[in-house]
Amino acid sequence: MDDRDEALSPKAARKFLGVSRSTMVRYVKQELITEYRTAGGHGRFLMTDLERLRHNRPKPGPKPKGNANE
């Protein structure tokens with residue numbers, strides 16, 4: 001098996017991308033990356049998909065201005 005075909009756990013995938021759990025869930029829901037399931041039902045991400053996403057992921061939008069209590 002090629003190293004790029006390695007399957008990472010969701011935690012390892014988030015660490016590789018440097019994103020939070022909620023961001024990773026959003027990427028899956030937006031179909032920016034595919035989460036595969038093992039026979040035991042555990043989520044896995046392919047390294048090739050993670051590398052592609054890391055180079056092509058959407059840029060974060062601007063932060064809201066002003067005070068949230070206004």
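The values are calculated or read from the model by the stated rules, or taken from the named source; none is laboratory data. These numbers were taken from a predicted model, which means no experiment stands behind them. Note that each Cβ is placed from the backbone with ideal geometry, even for glycine, and that neighbours are counted across all protein chains shown. Accessible surface areas use protein heavy atoms only, side chains included; no ligands, DNA or RNA. Shrake-Rupley method; radii C 1.70, N 1.55, O 1.52, S 1.80 Å.
See the values below:
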quantity	calculated
Residues (closer than 19 Å to residue 21 by Cβ, open to solvent by 60 Å² or more (accessible area, probe 1.4 Å) and over 12 Å from the mean Cα position of the chain (by Cα)) located in region 41-60	42, 60
Residues that are among the acidic types (Asp, Glu), part of a loop (DSSP other than H, G, I, E, B) and on the phi < 0 side of the Ramachandran plot, drawn from region 1-50	2, 6, 35
Region 1-30 - residue that is modelled with pLDDT of 95 or more and charged (D, E, K, R) and, of those, least open to solvent (accessible area, probe 1.4 Å)	14
